[in-house]
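Structure first, commentary second.
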Amino acid sequence: MCGTYTIIPGDKFHERFNLVNRLDVLKPHYNVKPGYMMPVITGKMLSLMKWGLIPSWAKDPAIGYKMINARAETIMEKASFSKPFTKQRCLVPASGFYEWQKTGKEKLPFYIRLKSDDLFTFAGLYDIWQDAEGKEISSYTIITTEPNPLVAPIHNRMPVILEREFEEKWLKEPAEMNKLISLLKPFPENKMEAYPVSRAVNYGENDGDELVKPVKINKQPSLF
């Protein structure tokens, strides 16, 4: 599961993704939670979408809170995800993500990012839902897969991070399903790092860079 992530756009964000439009509202977010409106890339366009996919056929938009993630292994079997996987794929820009490791009765948050500290993208799907008055809500989900050896001691799932050279391929349409599915794999652990952070990230009202700073823990986890 991926339930919290960060995005620190920086000055070169639009150039990094070769976008044809700009969103002036972009700012750093260190504690992105489900339900937030966040930047998502479709084609070469940048849009704000709600995290938690609402299928176009859904009766109640609240279903989105149950669909923040899509499992790579069953993506073609779920009605909510099979259609978007065919023609509504997107990139979700990020700087890192959090996972929680069980330590006895507690859960210790870890921040996980690329060693290069570069922006990257999660493989995502989107859909557009319309209410009775015709108001549209664009929403997205993040695809998850089995963890790599770095993440495995922390959590049993991790988001699919796309290698930069595969980002355009993920968005391109039409595409061969088998080739797309082959991209939904764990990111190489040697390019990533993970370290414990403050439990302050558990609370959505906290959103500062102190959340991604490493903290000391009393008991050294088996990860290191």
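Report, by residue number, each residue of segment 23-49 that is part of a loop (DSSP other than H, G, I, E, B), in contact with a helix residue (DSSP H, G or I) (Cβ under 8 Å, 6 or more places away or on another chain) and either modelled with pLDDT of 90 or more or among the aliphatic types (A, V, I, L, M) (or both).
Across segment 23-49, the qualifying residues are Leu26, Pro28, Pro34, Gly35.
Of everything in segment 129-150 that is in contact (Cβ under 8 Å) with a residue 12 or more places away in the chain and assigned to a loop (DSSP other than H, G, I, E, B), the residue that is farthest from Gly3 (Cα to Cα) is Asp131. Being within 18 Å of Leu125 (Cα to Cα) and touching a residue at least 60 places away in the same chain (Cβ under 8 Å) is not true of Gly35. Met37 is checked against (1) under 30 Å from Asn218 (Cα atoms); (2) of a type outside the set (Ser, Thr, Tyr); (3) touching a Lys or Arg at 6+ places or on another chain (Cβ under 6 Å) and fails just one. What number does that condition carry? If we test Met37 against (1) under 30 Å from Asn218 (Cα atoms); (2) of a type outside the set (Ser, Thr, Tyr); (3) touching a Lys or Arg at 6+ places or on another chain (Cβ under 6 Å), just (1) comes out false.
Trp129 meets each of the listed conditions (1) under 30 Å from Glu15 (Cβ atoms); (2) among the aromatic types (Phe, Trp, Tyr); (3) in contact with a helix residue (DSSP H, G or I) (Cβ under 9 Å, 6 or more places away or on another chain) apart from (1). Residues in segment 145-182 that are under 15 Å from Phe120 (Cα atoms) and either among the acidic types (Asp, Glu) or crowded, with 17+ Cβ neighbours inside 10 Å (or both): Met158, Pro159, Val160, Ile161, Leu162, Glu163, Glu165, Glu167, Glu168, Trp170, Leu171.
Looking across segment 151-174, the residues that are free of Cβ contacts under 8 Å to residues at least 60 places away in the same chain, assigned to a loop (DSSP other than H, G, I, E, B) and among the hydrophobic types (A, V, I, L, M, F, W, C) come down to Val151, Ala152.
Each residue in segment 84-117 was checked for being acidic (Asp, Glu) and modelled with pLDDT under 95, and 2 pass. Please identify the pairs in which a residue from segment 7-27 that is in contact (Cβ under 8 Å) with a residue 24 or more places away in the chain and farther than 19 Å from Ile161 by Cα has its Cβ atom under 9 Å from the Cβ atom of a residue that is assigned to a loop (DSSP other than H, G, I, E, B) and of a type in the set (Gly, Ala, Ser), counting only partners at least 6 apart or on another chain. Pairs found: Gly10/Ser95; Val20/Gly43.
The values are calculated or read from the model by the stated rules, or taken from the named source; none is laboratory data. Quick caveat, the model's predicted, so the values are computed rather than measured. Using ideal geometry, Cβ is built from the backbone for each residue, glycine included, and neighbour counts are taken over all protein chains shown.
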